[in-house]
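Peer 1: Structure provided below as structure tokens; questions to follow.
Read-outs: derived from the displayed coordinates by stated rules, not from any lab. All values derive from a computational prediction rather than experimental measurement. All Cβ positions, glycine included, derive from the backbone under ideal geometry; neighbour counts span all protein chains shown.
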Amino acid sequence: MNKKYKIPILHSIQSKILIITLALTIGTTLVSLLISYYTEINTIRNTTESYMTQYIAFADERFNNLLSEVRKTALSVATEQEIIWPGVLHGKENASYEEYMRKKRIASFLSGLMNQKQYMENVMVITEDRRIFQADTALVMKRDLETSVMQVALQTDRAGIFYDRQAREVYYSCPILRGGDIVAVNLIKLNYDELTAAYEQEPLEEVDIYVFDDDQGLFYTNAELTGKEGELLQKIERKEAGGGYVEWNGQRWYALSWQHGTEKMTTVGLIPYEVLLRDANALRQKLLLVGACAVLLAVVASVYLSGKLCTNLKMLTENMEEIRTGNLMVRSNIHSADEIGKLSETFNEMMERIQMLLEEVKQKERLKREAEQSVLATQIEPHFLYNSIDSIQHVAHMRKEEEIEHVAEALSELLRSVLTDRNEFITLWEEREYIENYIYIERFKYRGDFQLVWDVDESLWVWRLPKLLLQPVVENALIHGISARDSGGIIQVKIYCQDDYVIVKVMDNGKGMSEEKVEQLLADIRKKDITGFRRVGLANVLSRIRLIYGEEYGGTVYSCQDMFTCVELRLPVKEIQSR
């Protein structure tokens, strides 16, 4: 092969993808054959450990729940004062109807405690003089109390389980106390097989279970006895909590242990190591087959995908080269579910976005030019308006019309401040001066007596807010609120901080509005916010707040017919401070 053909083949993307894919696949497969078996061993072992641990824990929990129920039953008998205590405390007497009824009531009570509890064979109360009250109909004689386990259970001063594992005889003993003295003993005879049936589940057939009491005595096991079970418990206790591997009887086991909260018993579960690895050993042949199939599929997939991938890449490259020449109308026609297809979609979306941005830039440039022209127009100060007002003020002064002179002066100051101050945001104190000048002018129009009261936190006077934001609200309160009153009209402006907001309330004691009219007003304001921008009024104020600060800010209206109207605005504290 000459150099002319060798170089393109070696440097093509398709050949590089093919070589790299085959090398990675074959290398990974070979390495996997060496390590996957051990990895699977650990995975299956951990899964089996978790699976068997859950079954042992479930069985142990069931066993512990049975002991808890037994304990609750014993305490119910020991604390029963209306039925149990009269029979226990009443001394032995000849057969009588009263004695018969006491025994019958006690037997009925004890039988009720055993209802639907198959692991309980009998519930007995045995007094110091060996009188026996029981739930079972089978007669218990005093000689039945002479067994070794019964003797220990009757003589103990603590509540707990007493058993004879060889005889499969189990009792739960609970002393009945009065004034600190033992007057009787409550004995609950338990069915050993029903009690330990929790450990006889099918998944635990290959697991050795040992249940030890608090004296390290063996209560139950499903394994063959060796006489060294106490050594096993000591070996388990030296292990870390949660389980670990131990050597026992010449085998390796995974050991688990639990401490019962009810009777302080300890359950030990031994899982044979062979059981944990049984499924892992079956994976050897499967791994070899999977490895061979993986290599074959990698070869086929690499040839196919590398060719398809390079074809799409070539088409996308051609599209980009055409865009470089200045043709922004080019769009990619690649349709695939892989990354190249997504890249093609992104490419098309990007070109659409670029066109939209170009249109937006053109539109913004046009609006910018219009705005510049508007600014230039508004910079022409209306000197003729100031001169006209000065003339009015001069004539009023010459004619001794002091009220008209002061009104003209206030109007001149108000116009001069509004038209010459180009700052969008002003301090609250400056806004107050605008409003005071406006009120002074309106007093000339409305001869009725009214007051403007300011209730503002001192720290808020220096805060900045949009210019002429409050003046329209005060104007509405004057025109639509208290203008109809002959006297006693009050407009109160209350401004304070609440959490992260500045709350502005403009209240008047004018004619107010009904609830329906308030709802209609708010609906009209919302409608005007959508259909167009008003330059005056409450809608203008709320629209300005939302445009400047965001939708979470704004205001509302409260009113009561013939009583008051309150406009409440909510502004951000941080935004005002940062302006």
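Peer 1: Provide, in order from the shortest bin, the percent of all Cα-Cα pairs of the stretch 157-283 in each 5 Å bin, continuing until the bin that contains the maximum pair distance.
Peer 2: In order of increasing distance, the bins hold 2, 9, 17, 20, 17, 12, 9, 6, 4, 2, 1, 1, 0, 0 percent.
Peer 1: Starting from the Kirkwood radius over alpha-carbon pairs of the stretch 98-215, derive D by Stokes-Einstein at 10 °C in a medium of 1.306 mPa s and give it in µm² s⁻¹.
Peer 2: Stokes-Einstein gives a translational diffusion coefficient of 101 µm²/s.
Peer 1: For the cross-link pairs LYS72/LYS103; LYS16/LYS286; LYS72/LYS142; LYS445/LYS505, which exceed 28 Å when the distance is taken from alpha carbon to alpha carbon?
Peer 2: On the way: LYS72/LYS103 22 Å; LYS16/LYS286 31 Å; LYS72/LYS142 26 Å; LYS445/LYS505 25 Å.
From LYS72/LYS103; LYS16/LYS286; LYS72/LYS142; LYS445/LYS505, over 28 Å: LYS16/LYS286.
Peer 1: Okay, next question. For ASP181 and ASP144, calculate 0.36 nm times their separation in residues minus their Cα-Cα distance, and state this gained length in nm to one decimal.
Peer 2: Answer, rounded to one decimal: 10.8 nm.
Peer 1: Moving on. Based on Cβ point charges of +1 for Lys and Arg and -1 for Asp and Glu, what charge dipole magnitude is obtained for the stretch 455-561 about its Cα centre, in debye rounded to the nearest 20? Don't jump to the answer; show the numbers that get you there.
Peer 2: Working: 14 positive and 15 negative charges, 107 e Å.
My answer is approximately 520 debye.
Peer 1: For the stretch 312-359, report the translational diffusion coefficient in µm²/s to the nearest whole number, using Stokes-Einstein at 10 °C, 1.306 mPa s, and a Kirkwood Rh over Cα pairs.
Peer 2: Rounded, D is 145 µm²/s.
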